[in-house]
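Take a look at the structure set out below.
The values are calculated or read from the model by the stated rules, or taken from the named source; none is laboratory data. Quick caveat, the model's predicted, so the values are computed rather than measured. Glycine also receives a Cβ, built like all others from the backbone with ideal geometry; neighbour counts cover every protein chain displayed. Please note that ligands, DNA and RNA were not included when accessible areas were found on the heavy atoms of the full protein model with its side chains. Shrake-Rupley method; radii C 1.70, N 1.55, O 1.52, S 1.80 Å.
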Amino acid sequence: MRTVTLTYPMKPETAAEWDQPQIAALGQFDGLHRGHVSVISSAVAKAREEGLPAAVITFYPHPKDVMGKGDYEGYLTPPRDKRELLAGLGVDVLFVIEFNEELSRVSPRDFVERMLLPLNISAAVVGFDFRFGYMGEGDADMLRLLGNGTMRVETVPPFLLNGVKVSSSGIRKSLQNGEVELVNFWFGRRYHLRGTVVHGEKRGRTIGFPTANLELEDRYVIPARGVYAVRAFHNGKALPGVMNVGVKPTFHEGVTTPTFEIHMLDFSGNIYGEELKVELVSFIRPERRFDSVESLISQIREDAKTADKILQES
Ligand SMILES: Cc1cc2nc3c(=O)[nH]c(=O)nc-3n(C[C@H](O)[C@H](O)[C@H](O)COP(=O)(O)O)c2cc1C
Ligand SMILES: Nc1ncnc2c1ncn2[C@@H]1O[C@H](COP(=O)(O)OP(=O)(O)O)[C@@H](O)[C@H]1O
């Protein structure tokens, strides 16, 4: 899959490259959940049918990140995850349009005429609630109108699971409530965090539970504080583990930024500086303060047993 970054207005030399028609799915697609996958797969299927390349056109940063008051909660799929997942769906080209204040003021007409038509999009596939252009004034009908007969527009209906519409906002909320199974069901895969193992306070090894401290690679949506059964992938190898997302109230007061610590159940070795991808499998319990280190240790021992059982069954 090729990734192309675009800025508004499109440079003529960029446009000149896209002289073949292509089928494109348009949207923010943060999370690439099953609703998003249904839109993108429909574009890919259409592209295969017509023997044309399948493209995805998306925006980065997230409009809420640019237009908000600095309180954006982060990404479900930061750029690297998005690229990997889209490549796996059979997408040939990913166009990432840089979102900034200027783009937020572009009218639907200018957006279509100056960004989409130059890319030679013969059919655009969008979700049922797709909005674009200044103040979200544009919708699928307007896209069709502005395409002026050169661009077919198809909408994909809402994707429901148990009668509930799968949505990025629903997933964010559930993740922040620790509802991992539900989140994973909506994703159709497991939510993961990726990062580098950094030095912590060196206490883990002294209490019999060394923990790899993860410095997140990007601004992920942070799951609820607490203990999770996880699978950590180290150099592609899956390692069962238990993760604490928290501020360690047993040892600290007033800390607000959580750390991500993973104890791998059957592992020993030095992995400082190395990358881990950590898949969340299940929420075990909220984080709490213990009156003694001994009671924390026996609870962690219980957590490790619980995680082991969950992971053997999933
Ligand atoms: C499975 C697990 C559960 C944990 N639960 C708690 C908890 O409930 N409360 C707490 O204060 N710390 C908790 N911790 C964090 C430990 O306090 C922490 O791992 C230990 O202090 C080592 O920190 P270090 O890696 O920075 O040396 C937990 C850690 C693990 C691995
Ligand atoms: N089973 C394991 N799970 C996690 N990390 C382990 C394990 N065995 C060894 N390690 C190593 O030990 C380090 C964690 O030890 P710890 O005493 O908690 O130090 P720190 O506070 O720097 O994280 C990890 O970063 C990793 O390099």
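Project the alpha carbons of the chain onto their principal axes and report the range along each, largest first, in whole Å.
Principal axes ranked by extent give 71, 39, 38 Å for the Cα atoms.
Just how much of Thr259 is accessible, in Å², when a 1.4 Å probe is used and the result is rounded to the nearest 10?
Spelled out: Thr259, probe radius 1.4 Å, area about 50 Å².
When the C-alpha atoms of region 167-313 are aligned to their principal axes, what extent does each axis show, in angstrom, from largest down?
The Cα atoms of region 167-313 stretch 42, 33, 30 Å along their principal axes.
Would you work out the relative contact order for the chain, in percent, from Cα pairs under 8 angstrom that are 6 or more residues apart? Could the numbers behind the result be given before it?
On the way: 596 pairs, mean separation 51.8, N = 314.
It rounds to 17 percent for the chain.
Could you give the nm distance between label points at Thr196 and Lys64, where each point is 7 Å from its Cα heading toward the beta carbon?
Between Thr196 and Lys64, the label points sit 2.9 nm apart.
Between Arg105 and Arg189, take the C-beta separation as r, use R0 = 35 Å, and let me know the FRET efficiency to the nearest 0.05. Provide the component values of the computation, followed by the final result.
Values: r = 36 Å, r/R0 = 1.03.
Calculated value: 0.45.
Compactness ratio of region 2-161: Cα Rg over 2.2 N^0.38 Å, N = residue count?
On the way: Rg = 14.6 Å, N = 160, 2.2 N^0.38 = 15.1 Å.
Its radius of gyration relative to the 2.2 N^0.38 Å reference: 0.97.
Counting only the backbone N, which residues of region 169-211 are under 18 Å from the spot 7 Å out from the Cα of Arg288 toward its beta-carbon?
Zone members listed by number: 178.
Quick one: compute the contact order of region 2-161, relative version, from alpha carbon pairs under 8 angstrom and 6+ residues apart, as a percent. Can you show the working numbers first?
Details: 271 pairs, mean separation 50.4, N = 160.
About 31 percent, as a whole number.
Roughly how many whole Å is it from the C-alpha centroid of region 107-142 to that of region 219-281?
Using only Cα atoms to place each centre, the spacing works out to 41 Å.
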